[in-house]
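Q: This structure is in structure tokens; I'll ask about it shortly.
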Amino acid sequence: QVQLVESGGGLVQAGGSLRLSCAASGRTASSYGMGWFREAPGKEREFVAAISWSGDSTYYADSVKGRFTISRDGTKNKMYLQMNRLKPDDTAVYYCAAQSTFKVVTTTYQYDYWGQGTQVTVSS
């Protein structure tokens with residue numbers, strides 16, 4: 001079992017920046033690939049970014065390329081999403097997720113563990 005806890009959400013103006021954090025705990029937390037997803041009101045949960053276990057491979061949704069950066073710390077027990085040049089369309093609940101491979105995974109059904117989510121609101 002892996003437990004995930006997100007933090008860092010909040011209210012920010014369009015064009016601003018925000019950094020989300022995800023703390024992972026569990027017996028094999030460091031061996032999991034991880035990703036960020038978001039769910040806006042009235043919309044399905046969508047992929048945002050993913051990172052391999054080693055941190056040497058990343059992938060981003062087209063909507064956030066060039067603006068968001070996913071990373072992991074040296075211990076592999078924390079993950080971050082640096083969000084720059086935020087837009088109102090980025091408003092959503094953001095979820096940290098983990099899956100049991102060393103690879104980048106971009107679909108929700110392939111992830112095994114999920115955090116509670118953190119709200120990000122971008123004002124116009």
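Q: Carbon and sulfur: what percent of the chain's accessible surface (1.4 Å probe)?
A: That share works out to 47 percent.
Q: Still on this structure, please answer the following. Of the peptides 63-69, 111-117, 79-85, how do they stack up when ordered by the mean number of other Cβ atoms within 10 Å, highest first?
A: 79-85, 111-117, 63-69
Q: Mind checking the dipole of the chain: about its Cα centre, +1 per Lys or Arg Cβ, -1 per Asp or Glu Cβ, Debye to the nearest 20?
A: The dipole of the chain has a size of about 220 debye.
Q: Just to verify a number: what accessible area does Val104 come out at with the full protein assembly present, 1.4 Å probe, Å² rounded to tens?
A: 50 Å²
Q: Regarding the chain, what whole-number volume in Å³ per residue does the convex hull of its Cα atoms give?
A: Per-residue hull volume (Cα only) is 88 Å³.
Q: Any chance you could look up the accessible area of Glu39 with a 1.4 Å probe, heavy atoms only, rounded to 10 Å²?
A: Estimated to the nearest 10 Å², Glu39 gives 60 Å².
Q: Which listed residue (Thr106, Ala92, Thr69) has the Cα farthest towards the positive end of the charge dipole for the range 68-124, taking +1 on Lys and Arg C-beta and -1 on Asp and Glu C-beta about the Cα centre?
A: Farthest towards the positive end: Thr69.
Q: Using a probe radius of 1.4 Å on heavy atoms only, what accessible surface per residue do you get for the chain? Whole Å² is fine.
A: Per residue, the chain has 51 Å² of solvent-accessible surface.
The values are calculated or read from the model by the stated rules, or taken from the named source; none is laboratory data. Everything quoted here is computed from the prediction, not taken from an experiment. Glycine gets a Cβ as well: all are built from the backbone with ideal geometry, and neighbour counts include every protein chain shown. Ligands, DNA and RNA are stripped out before the accessible areas are found, and what is left, the full protein with its side chains, is counted by its heavy atoms. Shrake-Rupley method; radii C 1.70, N 1.55, O 1.52, S 1.80 Å.
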